[in-house]
1. Conditions: (1) under 14 Å from Pro3 (Cα atoms); (2) assigned to a loop (DSSP other than H, G, I, E, B); (3) not β-branched (Val, Ile, Thr). Pro35 meets all but one. Number of the miss?
2. If you take the residues of the range 50-65 that are of a type outside the set (D, E, K, R) and either in a loop (DSSP other than H, G, I, E, B) or without any contact (Cβ under 8 Å) to a residue 24 or more places away in the chain (or both), which of them is surrounded by the fewest Cβ atoms within 10 Å (Cβ to Cβ)?
3. Is the range 73-89 home to any residue that is touching a helix residue (DSSP H, G or I) at 6+ places or on another chain (Cβ under 7 Å) and either surrounded by fewer than 15 Cβ atoms within 10 Å (Cβ to Cβ) or not small (Gly, Ala, Ser) (or both)?
4. Which is outside any helix (DSSP H, G or I), of a type in the set (Ser, Thr, Tyr) and farther than 19 Å from Glu102 by Cα, of Ser68, Ser11?
5. In the range 18-29, what residues are outside any helix (DSSP H, G or I) and touching a helix residue (DSSP H, G or I) at 6+ places or on another chain (Cβ under 8 Å)?
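A short reminder: the numbers here are calculations on the coordinates, not readings from a lab. Bear in mind that the values here come from a model prediction, so they are computed numbers and not experimental data. Cβ: placed from backbone, ideal geometry, glycine included. Neighbour counts: every protein chain shown.
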Amino acid sequence: MAPRKVRRILSPFRGMKAQQALYMLKEMPHAAAMPVAKLVRSAMANAEVKGLDTDSLYIVQLMADAGSGVMPGKGWRARWGGRGRYKPIRKRSSHITVVLEERFE
């Protein structure tokens, strides 16, 4: 999924409790919400394995960077453009980073 589509849903979740963010991501109608929810859930599971309390985890950093322009296994593909030329098909991908922190209130 293109980074532009992922970035538009990330901003409200920075600084939020991870459990609350998961609940909100499940209710979002955007297609990018499911992969982000999976990542947050995975980060919470990793934190639990390391001995952190999952109820006190907050999202400190959440960002989407551009991945490669060509999808793995697809190779370079093109379609016809204007004036008899061809244009590359750009299948954009994202690298999503989630950083959680344990805070006690």
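1. (2)
2. Ranking the candidates gives Gly51 first.
3. No, the range 73-89 contains no residue that is touching a helix residue (DSSP H, G or I) at 6+ places or on another chain (Cβ under 7 Å) and either surrounded by fewer than 15 Cβ atoms within 10 Å (Cβ to Cβ) or not small (Gly, Ala, Ser) (or both).
4. Ser68
5. Correct list: Met28 only.
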